[in-house]
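Asker: Take a look at this one; I'll ask things after.
The values are calculated or read from the model by the stated rules, or taken from the named source; none is laboratory data. Here the structure is a predicted model, which is why all the values come from computation and not from measurement. Cβ placement follows ideal geometry from the backbone for every residue including glycine, while neighbour counts extend to all protein chains displayed.
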Amino acid sequence: MERISALIVDTNEAILFLYKDLIESRNPRFDCFFVDSIEKTKKLIELRKFSILAINYKLSNFDCETGVTIAADFRNKNPDAPVVILTSLVNDAKEEAKKIGITERILFIRKPISFDELSIELEDFLGVVPW
């Protein structure tokens, strides 16, 4: 079975720990990299290829960059990889993504969302069957 290499980004470490538990418990095929800073994210994007990026839209520690701008960098290195943007500001995120040309293989998930719902959304989007 093919492994799925996922880059998961959120500046809130508590949320990252919840994502880690959720993803690893539901689907052991995922090799996840959990990152809490833009600097680390950009470094990982440069160093390796990923199957998917899941990122929070509003990165609280950074004023000028959003999850969508980081997704653009990600897509330059991983052109066919899907992107998931987690946000309560879905319309803003969609508008920004459209402006910078990310219109395919992108999923916007409205927050707040339960972790079970999030898992189902991701599995449906990726066509991944748990276990």
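Asker: Please identify the pairs in which a residue from the stretch 18-34 that is more than 11 Å from L118 (Cα to Cα) has its Cβ atom under 7 Å from the Cβ atom of a residue that is polar (S, T, N, Q), counting only partners at least 6 apart or on another chain.
Answerer: From residues that are more than 11 Å from L118 (Cα to Cα), the pairs are R26/S119; D31/S5.
Asker: Please find, among K98, K111, K77, the residue that is at pLDDT 90 or above, under 24 Å from S37 (Cα atoms), among the basic types (K, R) and surrounded by fewer than 18 Cβ atoms within 10 Å (Cβ to Cβ). Break it down stepwise before answering.
Answerer: Numbers: K98 fails: under 24 Å from S37 (Cα atoms); K111 fails: at pLDDT 90 or above.
Step by step, each of K98, K111, K77 is checked, and only K77 is at pLDDT 90 or above, under 24 Å from S37 (Cα atoms), among the basic types (K, R) and surrounded by fewer than 18 Cβ atoms within 10 Å (Cβ to Cβ).
Asker: Of all residues being of a type in the set (D, E, K, R) and closer than 16 Å to L53 by Cα in the stretch 1-23, which is modelled with the highest pLDDT? Just the residue, please.
Answerer: So the first thing to find is which residues in the stretch 1-23 are of a type in the set (D, E, K, R), and the list is 2-3, 10, 13, 20-21.
Cutting the leftovers down to closer than 16 Å to L53 by Cα gives us 3, 10, 20.
Values: R3: 82, D10: 89, K20: 80.
The selected residue is D10.
Asker: Quick one: in the stretch 63-120, of everything that is assigned to a strand (DSSP E or B) and not β-branched (V, I, T), which residue is nearest to S51 (Cα to Cα)? Talk me through it step by step, then tell me what you get.
Answerer: Of the residues in the stretch 63-120, the ones assigned to a strand (DSSP E or B) are 66, 83-87, 106-110.
With not β-branched (V, I, T) added as a condition, the list becomes 86, 107-108, 110.
Details: L86: 17, L107: 14, F108: 17, R110: 22 Å.
Restricting to residues being assigned to a strand (DSSP E or B) and not β-branched (V, I, T), the top hit is L107.
Asker: From the list F50, F34, exactly one residue is closer than 15 Å to I4 by Cβ and surrounded by 19 or more Cβ atoms within 10 Å (Cβ to Cβ). Which is it?
Answerer: Numbers: F34 fails: surrounded by 19 or more Cβ atoms within 10 Å (Cβ to Cβ).
Only one candidate qualifies: F50.
Asker: Please verify whether the stretch 12-30 includes one or more residues that are assigned to a strand (DSSP E or B) and touching a helix residue (DSSP H, G or I) at 6+ places or on another chain (Cβ under 8 Å).
Answerer: yes
Asker: Could you please give the count of residues in the stretch 95-107 that are under 16 Å from the mean Cα position of the chain (by Cα) and either without any contact (Cβ under 8 Å) to a residue 12 or more places away in the chain or under 17 Å from Y19 (Cβ atoms) (or both)?
Answerer: So the answer is 3.
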